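Colleague: Just passing along the structure, written as structure tokens.
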Amino acid sequence: MALVNEHFLKLPDNYLFADIAKKVNAFKATHPHADVISLGIGDVTRPLCPAVVEAMHRATDEMAAGATFRGYGPEQGYGFLREAILKNDFLPRGIHLDTNEIFINDGAKSDTGNIQELVRWDNSIGVTDPIYPVYIDSNVMIGRAGLKGDDGKWSNVVYMPCTAGNNFVPQLPDRRVDIIYLCYPNNPTGTVLPKDELKKWVNYALKNDTLIFFDAAYEAYIQSPGIPHSIYEIKGARKVAVEFHSYSKTAGFTGIRCGYTVVPKELTAAALDGERIPLNPLWNRRQCTKFNGTSYISQRAAEATYTPEGKAQVKEAVDYYMRNAGTIRATLRSLGLDVYGGVDAPYLWVKTPGGMGSWRFFEQMLYDAHVVCTPGVGFGPSGEGYVRLTAFGSEDDCAEAMARITKWLR
Ligand SMILES: *Cc1c(COP(=O)(O)O)cnc(C)c1O
């Protein structure tokens, strides 16, 4: 008899986006002429930039000719991309890494979910709340999160609330935690951590022998000076942190699939006898066993984002979304709403007026303004009383949505 991994049975079905779709469809069925605009999407909409498209065409032509065809590539990724990453994402920030510390992935979701394989099942984990669900769910699957309580919290997870009350700056836990997940710029709140705040986390990790898994998927959206683009800008971070990057939101690669994970050589975890075990060779071993590399064409596409044309074109798309974010932020603020994020991230986190529940606000906005948002409570208990809006739509839709919301709330 094959026994199932019962930890999977503890996972709630991922109802959030299905529930939203159900409610939107019910509305459309009863209002067939309404033109619904979604500010709920967490996916990019701008097409790939020309530099990337040209690189992909060239790579395809190489694959089509016997002399230049490529089969399996290195599990860790091609040297050309790892070098380009070093030279463009780290050296200009004074971060000196070795190419062997960079592992090309097929998107940050895989590695943020897989990295927990390197540590024992009985480590404790800490997350900011609200949170990107992958971090907790991947730990539930292996039995590390414990059991889910009636309050919606897992018994072996330490929650660090991020709300207007603490200006979305999470407090250090009052006890030691083995592993902490941080995502900055943050999805869903769109907020960032200034350098001195991130430094507190690195120092906490150094002092408590804690591992930090740092998700930098939205790094390209940072506009403000003084906001770290990488946790390795902070002294000591290489001893405690793994960092995840993705070209998905940076360059519209959600359908292409490419990103990278940094596992520094100095990073270690303890064996039961106290011996320090470097995680870089462990991750390398894991990848060589379970991963056969990101496609050559995707890696050439990623490389093209670092050419002068590529950089300018990628920035153009980011600027496009950030203009939408600025429009949403200014409009909602002028209506008297408390709006967070949207300055260094494509997400806006809006407090519902009068303490209204997330779902109730969602429904009212859908029925009265025909605009879709994402109820904040779907991202964790501290998300109740907030909704998330995204800047990933078209400029016209964004302007029209703001006009409708203005009319509705006035
Ligand atoms: C979109 C997103 C990612 C990137 O996922 P990919 O697998 O690279 O497409 C990673 N982390 C967060 C928080 C995200 O929102």
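Colleague: Within the stretch 139-165, which residues are among the aliphatic types (A, V, I, L, M) and closer than 22 Å to D111 by Cα?
Modeller: Across the stretch 139-165, the qualifying residues are V140, M141, I142, A145, V157, V158.
Colleague: Give me a count of the residues in the stretch 374-410 that are among the basic types (K, R) and buried (at least 19 other Cβ atoms within 10 Å of the Cβ).
Modeller: Total satisfying the criteria: 1.
Colleague: Taking the stretch 90-139, which residues are in a strand (DSSP E or B) and within 21 Å of P12 (Cβ to Cβ)?
Modeller: Within the stretch 90-139, I125, G126, V127, T128, D129 qualify.
Colleague: Would you check which residues across the stretch 271-300 are within 16 Å of the ligand (Cβ to nearest atom) and either among the β-branched types (V, I, T) or in a strand (DSSP E or B) (or both) and list them?
Modeller: T294
Colleague: Taking E101 as meeting all but one of (1) away from the ligand (no atom under 11 Å from the Cβ); (2) over 15 Å from E75 (Cα atoms); (3) among the charged types (D, E, K, R), write down the number of the exception.
Modeller: (2)
Colleague: Next question. With respect to R82, is the statement that it is basic (K, R) and in a helix (DSSP H, G or I) true?
Modeller: In short, yes.
Colleague: Sticking with this structure for a sec: When you go through F361, F392 one by one, which is the residue that is assigned to a loop (DSSP other than H, G, I, E, B) and at pLDDT 95 or above?
Modeller: F392
Colleague: Filter the stretch 274-315 down to the residues that are more than 17 Å from V119 (Cα to Cα) and among the hydrophobic types (A, V, I, L, M, F, W, C), then identify the one that is surrounded by the most Cβ atoms within 10 Å (Cβ to Cβ).
Modeller: Ranking the qualifying residues of the stretch 274-315, first place goes to A302.
Colleague: Hey, another quick one. Check F244 against each of (1) over 20 Å from the mean Cα position of the chain (by Cα); (2) within 10 Å of the ligand (Cβ to nearest atom); (3) hydrophobic (A, V, I, L, M, F, W, C) and name the one condition it does not meet.
Modeller: The one condition F244 does not meet is (1).
Colleague: Whether any residue in the stretch 143-150 is among the acidic types (D, E) and touching a helix residue (DSSP H, G or I) at 6+ places or on another chain (Cβ under 8 Å) is what I want to check.
Modeller: No, the stretch 143-150 contains no residue that is among the acidic types (D, E) and touching a helix residue (DSSP H, G or I) at 6+ places or on another chain (Cβ under 8 Å).
Colleague: Hey, another quick one. Among the residues of the stretch 150-181, what is the count of those that are in a loop (DSSP other than H, G, I, E, B) and either surrounded by 12 or more Cβ atoms within 10 Å (Cβ to Cβ) or under 21 Å from the mean Cα position of the chain (by Cα) (or both)?
Modeller: Summing the residues that are in a loop (DSSP other than H, G, I, E, B) and either surrounded by 12 or more Cβ atoms within 10 Å (Cβ to Cβ) or under 21 Å from the mean Cα position of the chain (by Cα) (or both) in the stretch 150-181 gives 15.
Colleague: Then there is this: So in the stretch 260-273, with the set limited to residues that are hydrophobic (A, V, I, L, M, F, W, C) and in contact (Cβ under 8 Å) with a residue 12 or more places away in the chain, which one is surrounded by the fewest Cβ atoms within 10 Å (Cβ to Cβ)?
Modeller: My answer is A270.
Colleague: Another question, then. When A205 is evaluated against the numbered criteria (1) in contact (Cβ under 8 Å) with a residue 24 or more places away in the chain; (2) within 16 Å of the ligand (Cβ to nearest atom); (3) more than 18 Å from N187 (Cβ to Cβ), which criterion, by number, is the only one it fails?
Modeller: With (1) in contact (Cβ under 8 Å) with a residue 24 or more places away in the chain; (2) within 16 Å of the ligand (Cβ to nearest atom); (3) more than 18 Å from N187 (Cβ to Cβ) applied to A205, the lone miss is (2).
Colleague: Out of the residues in the stretch 184-218 meeting the condition of being touching a Phe, Trp or Tyr at 6+ places or on another chain (Cβ under 6 Å) and hydrophobic (A, V, I, L, M, F, W, C), tell me which one is surrounded by the most Cβ atoms within 10 Å (Cβ to Cβ).
Modeller: Looking at the filtered set, the residue picked out is V192.
Colleague: Follow-up question, since we're still on this one. For V127, are the conditions met, namely being crowded, with 18+ Cβ neighbours inside 10 Å, away from the ligand (no atom under 15 Å from the Cβ) and of a type in the set (V, I, T)?
Modeller: No; evaluated as a whole, the condition is false for this residue.
Colleague: Output the number of residues of the stretch 64-78 satisfying the condition of being out of contact with any helix residue (DSSP H, G or I) (no Cβ under 7 Å at 6 or more places or on another chain) and farther than 20 Å from F103 by Cβ.
Modeller: 4
Colleague: Output the qualifying pairs, or none if there are none: Cβ atoms under 6 angstrom, residues six or more apart or on different chains, first residue in the stretch 1-24 and charged (D, E, K, R), second residue surrounded by 11 or more Cβ atoms within 10 Å (Cβ to Cβ) and modelled with pLDDT of 95 or more.
Modeller: Taking only residues 6 or more apart or on different chains, the pairs are K10/V140.
Colleague: Condition check: more than 30 Å from H57 (Cβ to Cβ), without any contact (Cβ under 8 Å) to a residue 60 or more places away in the chain, in contact with a strand residue (DSSP E or B) (Cβ under 8 Å, 6 or more places away or on another chain) and among the charged types (D, E, K, R). Does K239 satisfy that?
Modeller: So K239 passes the test.
Residue-wise test of (1) under 20 Å from T45 (Cβ atoms); (2) at pLDDT 95 or above; (3) in a helix (DSSP H, G or I).
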site: L337; (1), (2), (3): no, yes, no
site: W349; (1), (2), (3): no, yes, no
site: G378; (1), (2), (3): no, no, yes
site: R388; (1), (2), (3): yes, yes, no
site: M402; (1), (2), (3): yes, yes, yes
site: T406; (1), (2), (3): no, yes, yes
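Colleague: Which condition does T268 not pass, out of (1) within 16 Å of the ligand (Cβ to nearest atom); (2) in contact with a Pro (Cβ under 6 Å, 6 or more places away or on another chain), if it passes all the others?
Modeller: Evaluating T268 over (1) within 16 Å of the ligand (Cβ to nearest atom); (2) in contact with a Pro (Cβ under 6 Å, 6 or more places away or on another chain) leaves (1) as the failure.
Colleague: For the stretch 167-182, give me each residue that is of a type in the set (A, V, I, L, M, F, W, C) and in contact with a helix residue (DSSP H, G or I) (Cβ under 8 Å, 6 or more places away or on another chain).
Modeller: Result: V169, L172, V177, I179, I180, L182.
The values are calculated or read from the model by the stated rules, or taken from the named source; none is laboratory data. Note that the structure is a prediction, hence the values are computed from the model and not measured. For neighbour counting, all protein chains shown are included, and Cβ atoms are generated from backbone atoms with ideal geometry for every residue, glycine included.
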